[in-house]
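The values are calculated or read from the model by the stated rules, or taken from the named source; none is laboratory data. Quantities reported herein were computed from a predicted structural model and do not represent experimental measurements. Reconstructed Cβ throughout: ideal geometry from the backbone, glycine too, with neighbour counts over all protein chains shown.
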Amino acid sequence: MSSPDTNDDLLIRVSRRAMACEFEVCFPAIPYPQGTELALEALDLVDALEGQLSYFRPTSEIARINLLAADGPVEVEPGLFELLRLAARLHEETHGAYDITSAPLWEAWGFARRAGGVPSESQVAEARQVVGGRLMELDAAGRTIRFLKPGVRINLGSIAKGYALDRCGEKLLSSGMADFLLHGGQSSVLGRGKQIPAREDSPETPWEVGIRHPQHPERRLGTIRLCNRALGTSGSQFQSFRHGGRRYGHILDPRTGRPAEGVLSATVVAPTAALADALSTALFVMGAGQSLDYCRAHPEIGAVLVCPSPHGGGVEVHTVGLSDEALTLSRRG
C-alpha cells in the first residue's frame, strides 16, 4: 500500500469514513482559509457515490443494473456510464486481465463474504461461464448497459475509490482550491497543484507519497512525487487466506478464475485516480512482463511492480515510465 507524506504543521487534514476506508483531504492552510468547508463539501460526494456504486447495497445503481440488465438495456447515470466505458476499454487493452464482471468468481472464492475458501473446479468453471467483458454491452447512444447472459454481475470495487477521488477533486477545483492531496484508504491517491512549504523562500514542492514494502509494511520501499497526477496501489497481503499450507490472495485473474500470482504489489501513476486504481489491479494480474510492455505502449502511465525474487527471499522491483524526479527507491528495498 501507499501512504501520503503530509506532516507539515501548515497542512490541514479533513477526513471521513466511507467505502470501508478513510477518505482524507489535505491542503495548505494559508492560501485557503475556507478550505475546511470546501473539503467537507467535497467529501459529501463520497457518501453519495458509495450509495450509487456499492455492490452490497440493494438500493445502489450497481445493484439495479445487476438485477435488471440481463432482461434488457438499463439506462445509466452519465458519470457512471463513462466509468463503465473506461472499464470496458481497459478490459480490451489488458486482454481481459481487468474485468468488472468478475463478481461471480469473487463470490465463489468467498471474498465477497470475507470468508475465503477454495472452491471446487466445477464451481470455478460455473462462475467463469458468466464472467467476461464480451457479456456486457454498452450503448452510447442510449447510455444503457445490457448483459448478454443471465447471471452476469458487475462489481466496481477495483475502480470506485479512484473515481470518487476524481469527483472530489473536480469539486475542489471548481470551488477555487488548486492545491490538495486526496486519498482513499491510502492506496488510492490524487495530488493536484503542489504542497506549499512553510518557508516563504522555499520552492513549491510536489506532494510526496510513500510506497510500503509488501512484505514489511512498516518499511518504506520508495517515494513517489505527484503533481497533477494520481496513484493507485494493489496488493493482496491484507486480504488473503491460507489453505493446505498455501496463501490465496483476493485479486483474481478473470482469465483463469484463480488468484493472480507473481506480483506482490503493483503501484501505478496515471492522469486520473480511476485509471490508476483500475490499472494497479490489471498490472497485478498481468505480471511484470506484460505490465512493462503495457506501460511502454502507454507513456502516460508509470508503474512500480514488486515481485518475489527468483533467487529466493527478498523482492525484485521493476519500474517503468517514472523519472528520477518522480520516484526515489529506498536503498533497503
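Quick notes on this structure:
- Enumeration of residues in the range 109-158 that are aliphatic (A, V, I, L, M), surrounded by 18 or more Cβ atoms within 10 Å (Cβ to Cβ) and over 21 Å from LEU53 (Cα atoms): VAL124, ALA127
- Condition check for GLY133: closer than 25 Å to LEU279 by Cβ and in contact with a strand residue (DSSP E or B) (Cβ under 7 Å, 6 or more places away or on another chain): no
- Residues that are basic (Lys, Arg) and under 20 Å from the mean Cα position of the chain (by Cα) occur at least once in the range 235-257.
- Selection from the range 270-285 of residues that are within 15 Å of GLY321 (Cβ to Cβ), in a helix (DSSP H, G or I) and of a type in the set (A, V, I, L, M): LEU275, ALA276, LEU279, ALA282, LEU283
- Taking the criterion of being assigned to a loop (DSSP other than H, G, I, E, B), among the small types (Gly, Ala, Ser) and over 16 Å from the mean Cα position of the chain (by Cα), the residues of the range 67-124 that qualify are ALA69, ALA70, GLY72, GLY96, GLY110, ALA115, GLY116, GLY117, SER120.
- Every residue from the range 16-50 that is touching a Ser or Thr at 6+ places or on another chain (Cβ under 6 Å) and within 30 Å of ILE154 (Cα to Cα): GLU22, GLU24
- Some residue of the range 311-323 being in a loop (DSSP other than H, G, I, E, B), under 18 Å from ARG219 (Cα atoms) and more than 17 Å from the chain's Cα centre (by Cα): yes
- Matching residues in the range 206-243 - criterion: being part of a strand (DSSP E or B) and either at pLDDT below 85 or aromatic (Phe, Trp, Tyr) (or both): TRP207, SER240, PHE241, ARG242, HIS243
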